[in-house]
Amino acid sequence: MNDWNKENDREQIGICINKLTDEVDRILFKKVDEEMGKLGVAYGIIRDYSDNPEEPPIWIIQIEDTKTALTSDNLFEYLSKHKNLEDALTRFMRDHFQSYFT
């Protein structure tokens, strides 16, 4: 019974991460496209997956010469401090790319 609960929990977390991943993609690309499009600044966002399907993705974000990684730990830390995903990602981008996001 205990193993079943662990497997069921992993499955539920996986479903949540998959839903969250799509939403993070949408918000990140929208925010960066809007801001960097106005400034004419080079940028890139790459979603990097592990070979281990249980590990969540990492987003590598680069704007000009500044690069940072958004991990699930970072994401959940910001989510715990902000009311929704969009606010959490906005704060993350402001904290890591202060020159571009005000």
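Spin-label model, D73 to V41: label points 7 Å out along the Cα-to-beta-carbon direction sit 2.6 nm apart. For the stretch 30-102, with all protein chains in place and a probe radius of 1.4 Å, 43% of the accessible heavy-atom surface sits on carbon or sulfur.
I need the shape label for the stretch 49-102. Rule: rounded when a/c is under 1.5, else prolate if a/b > b/c, else oblate, with a, b, c from the alpha carbon gyration tensor.
Details: a/c = 3.25, a/b = 1.25, b/c = 2.60.
Verdict is oblate for the stretch 49-102.
Label positions at K81 and S99, each projected 7 Å from the Cα along the C-beta direction, are separated by 2.2 nm.
When the residues E54, E23 are ordered by accessible surface, computed with a 1.4 Å probe over the protein chains alone, the sequence from largest down reads E54, E23. Listed by chain and number, the lysines placed with their C-alpha closer than 18 angstrom to that of K83 are K19, K31; residues fewer than eight positions away on the same chain are left out.
Between V41, S72, I61, the Cα set farthest toward the positive side of the dipole of the stretch 30-90 (charges on each charged residue's Cβ, about the Cα centre) is that of V41.
The values are calculated or read from the model by the stated rules, or taken from the named source; none is laboratory data. Small disclaimer: the values here were computed from a predicted structure and weren't measured. Note that each Cβ is placed from the backbone with ideal geometry, even for glycine, and that neighbours are counted across all protein chains shown. The accessibility values were calculated without ligands, DNA or RNA, using every heavy atom of the protein model including side chains. Shrake-Rupley method; radii C 1.70, N 1.55, O 1.52, S 1.80 Å.
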